[in-house]
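Step one of this worksheet: look at the structure below.
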Amino acid sequence: MKLGVAVAAAALLAACTSTPLPPWTTTGAAPADQPAPTGQRTVPAPLGTERGAPVQTAPVTDSPVRPGQMDDAQTSAADLPYSPAVAARFPAPEVRYDTPGLEPGRRAFTTNAELSDWLHDLSASVRAPTQAQVLNIGSSQRGVPLQAMVITQASGTSADALDASKRPTILLIGQQHGDEPAGSEALLVVARELSQGLLEPLLRRINVVIVARANPDGADAQRRVTDGGVDMNRDHLLLNTPEAQALAKLVNLYRPVAVIDAHEYTVVGRYLQKFNAIQRYDALLQHATTANEPEFVTKAATQWYLEPMNKALAAQRLTSEWYYTTSTDLSDHSLSMGGAQPDTGRNVNGLKNAVSLLIETRGVGIGRTDLQRRVHAQVTAIGSALRSTSERATELAQVRSFVTREIASQACKGSIVIEAAQTPERRDITMLDPDTGADRVQNVSWNSSLHLRTLKTRARPCGYWLSAHSNDAVDRLRMLGVQVMRVAESGNVLADTYSENGRETMNRPDVRGVAADKAPIVRVRVTPTRSSIDIPEGSYYVPLNQSLSNLAIAALEPDTQNSYFANHIIQDLGDVARIMTIPSLVFEDSD
Ligand SMILES: [Zn+2]
């Protein structure tokens, strides 16, 4: 066993916060409902232009469908989930998309086998300098390969090659929820346009990794959750599912500066029951909103991504709004933005210091209705995110550098937010009358995630100690990219241990109601108690002088609903402690 002395571990990164932030060139008008321009016909430019290098824009194929016509996926009025008057509000786009699942007459979306063939065919067809490769990044619970396509003009498709290119990498994820197909179909279009089409010139400045379908079992069964019944988009900190594990390893390997998560939202269902209304917005958007999210990453998400994304959608006469949902409790008439918990891909990738965006189109519960338009909204929004990454490549690198050093430098200093909550507000939201299809403005109770209320803070430790039998927690932290060190020689440090004041067992709540989980969680109440503790050989140390320290905090403070303790990954409160001074310990030379 090689030993390396890592005394004063906090000095590794703490001293160098001199990287300047880029100038912010636009002011921060928040993305909001941007009514589509009326009375004017826009030429479709869904795939856009790259600043400084014009990209020819044209429809992907000539469309026989004219605005105002119904999508041909809708075969008859009897198939519509709402009145023809509502359907008339959503004319098919002028662009026509032609993935396997979008072929005329199809009843099924692109199958898992067709999706894999599509990606492999594309990667075989690219021409230099573009390179593409389909990576097997894991298997679903039913043994379907989980696949990521790397598309780049770097010297190769490995993470090292992309890193050496000095171009930012953006990760695009589709269909974590199996009953939300438009994102997956749109990513097949985007993969093709990057490989050999209208988006390929963007590869001069960016690298792209696409996971077109993150939950193939759910897609096959046309249901939200994975085969084991777990909602994988509440599993990105816990990593109980192989699907979430595969994404975590991919992010850790390729370190994307931006992550786009494509979903669809409920259009009729509980909104009709609660509001007697149909949902209107073509796209609902939200950046990461969770405790300890770096301020400048949020600023980049808002100004460099969401503002142009809203404009790109409006230019296509597509409406957009902040993302919201409503609980499954029919007596609760409030709308909630995506939550503050560090459990979703949106929030966990935000804590990995990526610009992390949710794009939701109107799709759950309406089958193939308006499918071309839903895919068009996804392609438009994702295309905008690709252009933003290209245009802001230099500034994004500066923000990443600044933020990672800034976070690491905060170890042992100040305080951390343990729990934060949404702020109740009121907001006007436009829905549609179910009979006439007319706009109907609803003034609703609105739980905002844009200004989080701090519920609980604690002094920021220098790191966390984990007992020698915390291997399960250590494995998951390492999958997330968190650095964990193994103690090679026993020692003694000043620490806060947790004294328990009580506990209860409950289902893990989220803004929709409760998360689909394997088991109920343990909510514990604790008091940190300062003392000198023995650190045995073979136990672990998680230093907070690292760029992912906020992720470690989310996992290891035990008294939160997403903690490893609450979710049975750490079994005993005595297995974890807060280390309050820089420890003089000897660590194994690994990790
Ligand atoms: Zn979803």
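The values are calculated or read from the model by the stated rules, or taken from the named source; none is laboratory data. From a predicted model like this one, the values you see are computed outputs, not experimental measurements. Quick reminder, even Gly has a Cβ in these numbers, built from the backbone with ideal geometry, and neighbours come from all protein chains shown. Only protein heavy atoms, including side chains, enter the accessible area calculation; ligands, DNA and RNA are left aside. Shrake-Rupley method; radii C 1.70, N 1.55, O 1.52, S 1.80 Å.
A few points about this structure:
- Near pairs, Cβ below 6 angstrom, 6+ apart or cross-chain, from segment 251-272 (closer than 20 Å to residue 359 by Cα and open to solvent by 10 Å² or more (accessible area, probe 1.4 Å)) to any residue that is assigned to a helix (DSSP H, G or I) and away from the ligand (no atom under 15 Å from the Cβ): 257/396; 257/400
Conditions (1) open to solvent by 10 Å² or more (accessible area, probe 1.4 Å); (2) more than 22 Å from residue 109 (Cβ to Cβ), marked per residue:
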residue	(1), (2)
177	no, no
186	no, no
193	yes, no
197	yes, no
200	yes, yes
206	no, yes
210	no, no
224	yes, no
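- Within segment 514-529, the residues that satisfy the criterion of being under 23 Å from the mean Cα position of the chain (by Cα) and open to solvent by 50 Å² or more (accessible area, probe 1.4 Å) are 514, 518.
- Count of segment 216-231 residues which are under 15 Å from residue 509 (Cα atoms) and within 12 Å of the ligand (Cβ to nearest atom): 1
- Residue match in segment 450-460 (condition: in contact with a helix residue (DSSP H, G or I) (Cβ under 6 Å, 6 or more places away or on another chain) and within 21 Å of residue 483 (Cα to Cα)): no
- Residue within segment 369-385 that is more than 16 Å from the ligand (Cβ to nearest atom), outside any helix (DSSP H, G or I) and within 27 Å of residue 281 (Cα to Cα) present: yes
- Top-ranked residue in segment 232-243 [being assigned to a helix (DSSP H, G or I) and under 12 Å from the mean Cα position of the chain (by Cα); ranked as nearest to the ligand (Cβ to nearest atom)]: 233
- Residue in segment 391-398 that is among the basic types (Lys, Arg), touching a residue at least 12 places away in the same chain (Cβ under 8 Å) and either part of a helix (DSSP H, G or I) or touching a Leu at 6+ places or on another chain (Cβ under 9 Å) (or both) present: no
- Those strands (runs of 3 or more DSSP E) of segment 475-591 in which 3 or more residues are closer than 30 Å to residue 333 by Cβ and without any contact (Cβ under 8 Å) to a residue 60 or more places away in the chain occupy 491-506.
- Listing of helices (runs of 4 or more DSSP H) fully contained in segment 252-359 that carry 3 or more residues being within 16 Å of the ligand (Cβ to nearest atom): 269-275, 345-351
- Any chance residue 315 is open to solvent by 10 Å² or more (accessible area, probe 1.4 Å) and touching a residue at least 60 places away in the same chain (Cβ under 8 Å): yes
- Test set (1) under 22 Å from the mean Cα position of the chain (by Cα); (2) open to solvent by less than 10 Å² (accessible area, probe 1.4 Å) - residue 391 fails condition number: (2)
- Complete set of residues in segment 357-388 that are charged (D, E, K, R), in contact with a strand residue (DSSP E or B) (Cβ under 9 Å, 6 or more places away or on another chain) and farther than 17 Å from residue 322 by Cβ: 370, 373, 374, 387
- Candidates are the residues of segment 112-125 that are hydroxyl-bearing (Ser, Thr, Tyr) and surrounded by 15 or more Cβ atoms within 10 Å (Cβ to Cβ); the one that is farthest from residue 98 (Cα to Cα) is 123.
- Verdict on residue 246 being away from the ligand (no atom under 16 Å from the Cβ), within 14 Å of residue 388 (Cα to Cα) and open to solvent by less than 10 Å² (accessible area, probe 1.4 Å): no
- Considering 321, 307, the condition of being more than 22 Å from residue 251 (Cα to Cα), acidic (Asp, Glu) and open to solvent by less than 10 Å² (accessible area, probe 1.4 Å) is satisfied by 321 alone.
- Only a single item in (1) open to solvent by 10 Å² or more (accessible area, probe 1.4 Å); (2) in a strand (DSSP E or B); (3) more than 29 Å from residue 259 (Cα to Cα) is not met by residue 413, and it is number (2).
- Unique residue being out of contact with any helix residue (DSSP H, G or I) (no Cβ under 7 Å at 6 or more places or on another chain) and either over 30 Å from residue 530 (Cα atoms) or surrounded by fewer than 19 Cβ atoms within 10 Å (Cβ to Cβ) (or both) when the list is 380, 423: 423
- Verdict on residue 246 being in a helix (DSSP H, G or I), in contact with a helix residue (DSSP H, G or I) (Cβ under 6 Å, 6 or more places away or on another chain) and of a type in the set (A, V, I, L, M): no
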